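Let me begin by presenting the structure, written as structure tokens, before commenting on it.
The values are calculated or read from the model by the stated rules, or taken from the named source; none is laboratory data. Remember, predicted model here, so these are calculated numbers, not experimental data. Glycine also receives a Cβ, built like all others from the backbone with ideal geometry; neighbour counts cover every protein chain displayed.
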Amino acid sequence: MGSRSNSISELKIPTSAKKFIQENWGIKELYPPQKKAIIPVLKGENTLISIPTASGKSLIAYIGIIQNLLVKNKGSKAVYIVPLKALAGEKFTELSEIGNVIGLKIGLSLGDRDGENTNINNADIIVCTSEKFDSLMRNKPELMEGLSIIIADEVHLIHDYSRGPTMEINLTRFLYSNSNVQIIALSATVGNSEKLAKWLRAKLIVSSWRPVTLEQSTLANIDLEPRKRISNSKETSKLPPPRTLKGPASQPMIAALEDSLEQNIQSLIFVSTRRSAQSLARKLSERVRKKWTRENNERLKELESLKKEISLLGDDSSISDSLESTILGGVVFHHAGLNSKQRKFIEEAFRNKKILCIVATPTLASGVNLPARRVIIRDLKRYENGMSRWLSVMEVQQMLGRAGRPRYDSIGEAWLHCKGERSFENADEISERFIHGNPEDVTSKLASENALRIHILAMVSTGRINTRYSISKFFKNTFLGHSQPVKMLEERIEQWIQWLSENELITRLGCNNELYDSIPIEITMDENESWNDEVPTWINIAKGSEGISFENNPKSVSKAPKSLGFNLASNWDQDIIEPKTSEPLVMTYEASEFGRLVNRMYLDPTSGLLLRDGLRRAVRRVYRNEENLPLTDEGLLYLISSTDDFMNFWWKDSEYEILLEKASIIENELLNKKELEDIHLSRIKSTRVLSDWIEEFEHRELEKRHNVMPGDLRTRIELAEWLLFSAKQILFYDKKFDETYSNSKSIVMEKMENLRKRIRYGCKKELLNLVTLPNIGRKRARDLVNFGLQTPKDILKLTSKDKNKLLSLPGWGPKLLEKLTQRIKKDFAIIEVDEKRPDDEPLPGEK
């Protein structure tokens, strides 16, 4: 199937695809690792490709998709799974470019908000996150019918606690079912790639080859020492001599930037915290701006233009002010506190060489593809769990791999900054650890409590894996099952099945004895782990010998006195030492109606239980209408912030007294029990932030009051909206209350729906009729209410004078108002009638 030539033109894929790759993407030949990988990929074999960043992993995946959908399995489908939304957008764009040429429809599925799902119902290729793919498999499995190939990008993130378990479950679905779906897994270099490939039943392609030579160096103060070169010909090549950078010895990052300016190259600088990113970007920007002002550099005008563009994307916040200020010096910061529009703008401006330097947190290295000629890691440690820890080798090598842009640079420079008084001695240690050291092994995080309970419930809810044996078999096919002793894994599964049953999320239907014939005998006992502490292993051998007899119940009494402080094991309470009886392998389960709903809403089962309990309290409060137990928005916000699915804001010591006071004020409003003080106050802070948001506080004020950045707030808004929607569904289907309490139940549901909308738009209740109109938002909706308008139809009653007044306000224009008017007429099916004029009235006697 694979061609001996490296030429794209020799590939066994449609001519239109080859022509596009060559002419539009400018790729004529495959790189050596691509050449190795393309052979098993075109044969339809599972393939794990573990090669450096920018070595062309994605192209191999695209070719595999094209060959499956247009040659080998015509009419089939493909899924491209990525860990991050930003990466999904990048892959969607690239696949759409080639899909439009070769006749394949591309769909995008990221979430449930507007714009996050595009063309998924009739797509040939769906690009999605791991979480969304998992959700589609649970709720819309028909979309995956006819699937022939699945791409798992950044598969090494199986190691990640938050995203890893879902990615592992997604891949295990196909390994468990022994389907013919081809798996192509793309990975960074990891320590145990062979083990990962064995789990995936995949051909392993490992290479350190890079299209651009990578020179890795240590930077001690301003002394740069090259340590290793990875080129496109040999692993090592002759290193250049050490050199000392020009500039202040006490400011190595300034010296590094000035060196970049001198060579006219772009830089990425990685630091450990957001505050450091903003601080360093400001310092570097001021330096460049002063230098270019002295030189009367023409680029300052271009940067002024960039500032105007990025100012339109901000949220009227201090962080936006900082970004606009730093961009004037050609340096910007990049972290999750920015909104998505700002991050995308920065990335695109950097790709177009409009920005000199980005100072970023490490999250940038695991997100979008954004290479630079020079990469500097200033902070090789991060503060974690109360202490300073080294970054992982894998993480550092991911960042270093961003150095060198294919087709643009002949070399990429990756510098590791060595800090401290003993920086020169530290440089050797840092070089050995991160440059010459091996990356860590990837380990499964599926054993975490929340991951197991979530996915066991999902299996039973979908009905495909609903027996004790099938659940065990599934988990033995996971990477966890390949890594952990069977007995330990079984104990964990047993524990969570018991918990799900006790909490009425699943029910036992009883044993299906007909299944015994389909269960392999060896599955009932693991010979390596089974043991009998009453019968020594030599007994079985001795039994076969003549002249030896055995007594089944020998009576033996020790004549030795009891030792001080010890008891015979037989004297302990059996309830303490005896484990619960294991479920029979033929036990069958079914999810309860509540369990199926929790699974459908994509909730952690603990979240579902907490919400159900809290909402039942809410209904009781409404029905009893007691003054000291009110149902409030803050009570509901505290409830959702208490779930395991919410991501709370952490509080600072300076906020302690304020949060304690707030906690005391709303104590009677809480619908669930308080946790430890640290956790309780985090929930109080989240409640305060969201409460201020729906009271129409501006981002600038939220930053000042709560030290919350727009990007972080956006994440919590989306989580809160989803949890409030899920909570409403849980109460709607809850059969706890009879008809007597239906009105109280309806009041709670209406309150939650209004709160959900207010969270979505960040507004008071009075704006809800107007804020949903296209291109309005809470600021323009507030303008309309200030004009005395309450409903969309009221807008049609505006006089010409009122319209002129409205158009004089910031953010309003004639086109916007005209489009708004036309939309309202369309929505309400209003037929436009010309206004009557005085001369329309006929004269007396007029015929």
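Being in a helix (DSSP H, G or I) and either in contact with a helix residue (DSSP H, G or I) (Cβ under 7 Å, 6 or more places away or on another chain) or in contact (Cβ under 8 Å) with a residue 40 or more places away in the chain (or both) narrows it down to one of Leu636, Leu629, so name that one. Quick ask: steps written out before the conclusion?
Numbers: Leu629 fails: in a helix (DSSP H, G or I).
From the options Leu636, Leu629, the qualifying one is Leu636.
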- Task: Among the residues of the stretch 675-725, count how many are over 28 Å from Leu597 (Cβ atoms), part of a helix (DSSP H, G or I), among the acidic types (Asp, Glu) and touching a residue at least 60 places away in the same chain (Cβ under 8 Å).
- Result: 2
- Residues of the stretch 361-383 classified as crowded, with 20+ Cβ neighbours inside 10 Å, assigned to a strand (DSSP E or B) and of a type in the set (Ser, Thr, Tyr), total: 0
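Which one is nearest to Asp604 (Cα to Cα), of the residues in the stretch 116-136 that are in a strand (DSSP E or B) and free of Cβ contacts under 8 Å to residues at least 60 places away in the same chain?
So the first thing to find is which residues in the stretch 116-136 are in a strand (DSSP E or B), and the list is 117-118, 125-129.
Among the residues that remain, those that are also free of Cβ contacts under 8 Å to residues at least 60 places away in the same chain are: 117-118, 126-129.
Working: Asn117: 23, Thr118: 27, Ile126: 25, Val127: 24, Cys128: 21, Thr129: 18 Å.
Across the stretch 116-136, the extreme among qualifying residues is Thr129.
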- Filter the stretch 666-689 down to residues that are more than 20 Å from Arg612 (Cα to Cα) and among the hydroxyl-bearing types (Ser, Thr, Tyr), then give me how many there are. 2
- Hey, does the stretch 640-663 have a residue that's within 22 Å of Leu768 (Cβ to Cβ) and modelled with pLDDT of 95 or more? yes
- Query: Ala403 passes all but one of (1) modelled with pLDDT of 90 or more; (2) farther than 22 Å from Pro211 by Cα; which number fails?
  - Reply: (2)
- Item | Given (1) of a type outside the set (Asp, Glu); (2) modelled with pLDDT of 90 or more; (3) within 30 Å of Val460 (Cβ to Cβ); (4) out of contact with any helix residue (DSSP H, G or I) (no Cβ under 8 Å at 6 or more places or on another chain), number of the condition Lys74 does not satisfy | (3)
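Yes or no, residue by residue, for (1) surrounded by fewer than 17 Cβ atoms within 10 Å (Cβ to Cβ); (2) in a helix (DSSP H, G or I):
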residue	(1), (2)
Ser746	yes, yes
Leu755	no, yes
Glu766	yes, yes
Gln790	yes, no
Lys826	yes, yes
- Task: Among what's in the stretch 67-85 and is surrounded by 19 or more Cβ atoms within 10 Å (Cβ to Cβ) and within 27 Å of the chain's Cα centre (by Cα), pick the residue that is farthest from Leu370 (Cα to Cα).
- Result: Lys77
- Item | Considering residues of the stretch 464-490 that are closer than 17 Å to Ser177 by Cα and assigned to a loop (DSSP other than H, G, I, E, B) only, the residue farthest from the chain's Cα centre (by Cα) | Asn466
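So, Ala336, is that one under 20 Å from the mean Cα position of the chain (by Cα) and in the same structural domain as Glu413 (by TED's automatic domain parsing) or not? Reasoning before the result, please.
Numbers: under 20 Å from the mean Cα position of the chain (by Cα): yes; in the same structural domain as Glu413 (by TED's automatic domain parsing): yes.
In short, yes.
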- How many of the residues in the stretch 196-215 are buried (at least 17 other Cβ atoms within 10 Å of the Cβ) and in a helix (DSSP H, G or I)? 4
- Query: Do the conditions hold for Ile430, that is, is it farther than 24 Å from Val598 by Cβ, at pLDDT 95 or above and among the β-branched types (Val, Ile, Thr)?
  - Reply: yes
- Message: Please determine whether any residue of the stretch 690-711 is in the same structural domain as Leu611 (by TED's automatic domain parsing) and over 24 Å from Ser320 (Cβ atoms).
- Response: no
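Pick from the stretch 311-343 the residues that are among the charged types (D, E, K, R), assigned to a helix (DSSP H, G or I) and in contact (Cβ under 8 Å) with a residue 24 or more places away in the chain: which of them is surrounded by the fewest Cβ atoms within 10 Å (Cβ to Cβ)? Don't jump to the end; show me each part of the working.
Let us first name the residues in the stretch 311-343 that are among the charged types (D, E, K, R), namely 315-316, 321, 324, 341, 343.
From what's left, assigned to a helix (DSSP H, G or I): 321, 324, 341, 343.
Going one step further and asking which of them are in contact (Cβ under 8 Å) with a residue 24 or more places away in the chain, we end up with 341, 343.
On the way: Lys341: 13, Arg343: 21.
Ranking the candidates gives Lys341 first.
For (1) outside the structural domain of Ser179 (by TED's automatic domain parsing); (2) in a loop (DSSP other than H, G, I, E, B); (3) over 23 Å from Glu145 (Cβ atoms), each residue gets a yes or a no:
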{"residue": "Lys74", "(1), (2), (3)": "no, yes, no"}
{"residue": "Leu87", "(1), (2), (3)": "no, no, yes"}
{"residue": "Lys91", "(1), (2), (3)": "no, no, no"}
{"residue": "Ile98", "(1), (2), (3)": "no, no, yes"}
{"residue": "Leu108", "(1), (2), (3)": "no, no, no"}
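Any residue at all in the stretch 660-667 that's within 20 Å of Lys765 (Cβ to Cβ) and buried (at least 22 other Cβ atoms within 10 Å of the Cβ)? Let's see the steps before the verdict.
Pass one, the stretch 660-667, residues within 20 Å of Lys765 (Cβ to Cβ): 666.
Retained after the next criterion (residues that are buried (at least 22 other Cβ atoms within 10 Å of the Cβ)): none.
No, there is no match, as no residue in the stretch 660-667 is within 20 Å of Lys765 (Cβ to Cβ) and buried (at least 22 other Cβ atoms within 10 Å of the Cβ).
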- List every residue pair whose Cβ atoms sit under 7 Å apart, with the two residues 6 or more apart in sequence or on different chains, where the first one lies in the stretch 178-194 and is free of Cβ contacts under 8 Å to residues at least 60 places away in the same chain and the second, anywhere, is crowded, with 24+ Cβ neighbours inside 10 Å and of a type outside the set (Gly, Ala, Ser). Val181/Ile149; Val181/Ile150
